[in-house]
Amino acid sequence: MKESPYALERELGMQYYATSTPGIGGALRTVPEDFLVDEISPAGKGQTTGPYLICRLTKTNWELQHAVKEIARRLNISHRRIGWAGTKDRNARTTQLISLYKVTPEEIAALYLKDITLEPVGQSNEQFSLGDLEGNRFNICIRAADPEDLAGRVSAVTEAASKALPNYFGLQRFGVIRPLTHRIGELILHGNYEQAVITYVGLAFPLENEEVRRVRTVFMDTRDPAVALRELPVQMSFERSMVSYLNAHPGDYAGALRQLPPKLLSMFVSAFQSYLFNCALSHRLAEGHTLTDPVPGDRLIFANGRTDAVTAANIPAVTLHLARGRCSIALFMPGRDKTDAITGNDAIRDILADLQITADNFREAAAFVRTKFDGAWRPIALKTSVDVSVQGTNVRLKFTLPPGHYATTVCREYMKADPIRMV
């Protein structure tokens, strides 16, 4: 195990690597084709009749929410009529299925968007919802890796990945250029909608271009929606929709937040839950516990969703179940109903207490966002078989992950590089 030296990762709770070998460095996403993602959709989608047109969406260098909003605009429909199973990386070439309510193949054929293709594949009686997928296949190239003992370093991490890596929520969960989704989620949980809007629109980050940083800073200082509406670039459609609403409805910050797509709005609070998980996982590792050895007080999650507790008496049986892949050690991400179900999660309990967040806050956020925000168990370990090829200083990784697991979590273990080199 090795600590991350990078402030951004530590701020997001990603404090450790599973391996202590030096990283191979390098860079991800030199070109979009270096990061290929192919969603594994459930069998049967697009094989029946129904009001939902199922299309295969392939996009390059598009953030999914923006892509969906632009598709909806071009089709002259509400973005709420488009459903998807998973949010894919922006700086990549990704393929997935989406559902479009009462849209015809002819309308899709007439649609043109740069770096986006839509291919109708069938109809369905049901729309896609988040999590409605079996997993994702990744084909990733890390370029310009450190040549020193490259094969040995790669081999060490590949072996570790086959056993257990920390199952962190990756950087893109919190925002790549602007890692603030969890901050917005915390503000929503406190009902501080004004500060949530001000932060989302006005907080500037170093990787943004100078003009965008200037406009954000002016809004942060003046809170003048008219000026922001006049100066925000057209492509910043989410920010523009919020300040446009504020310009017409001064002081209604709750209404301004609701101008965002519902799925994006819900992602803020779930990002805060993800942040809690990362912190709790790092706390466990800091205490000297491994990802695979159970200790009394741990919770287990089985494939059918059932959970059980680890005790001193059942550790031998639990160890056998874990070795055979029947269950996983898990940590609980609290929500509206089960903030007390955090046995063994002292780190989460302490964070919630420090931030004065309770189940009531999650219930109020759920009512505001119209999303349940139930608590959830998540395995602490990520395990995958990685097919690796090394060509000069380029390393290609091919692997498959279940839903909700992050390819960059695998890549960071190989690279151990500044997270900015992974975006």
Practice problem: Could you tell me whether any residue of region 98-105 is over 21 Å from the mean Cα position of the chain (by Cα), on the phi > 0 side of the Ramachandran plot and either buried (at least 20 other Cβ atoms within 10 Å of the Cβ) or not hydroxyl-bearing (Ser, Thr, Tyr) (or both)? | Solution: yes
Quiz item: How do the pairs read when you match residues in region 67-85 that are farther than 15 Å from THR95 by Cα with residues anywhere that are among the polar types (S, T, N, Q), using Cβ under 8 Å and keeping only pairs 6 or more apart or on different chains?
Solution: LYS69/SER237; ALA72/SER78; ILE82/SER99
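Taken together, the values in this text are just the output of simple stated rules run on the coordinates, not laboratory data. Everything numeric here is computed off the predicted structure, so don't read it as measured data. For neighbour counting, all protein chains shown are included, and Cβ atoms are generated from backbone atoms with ideal geometry for every residue, glycine included.
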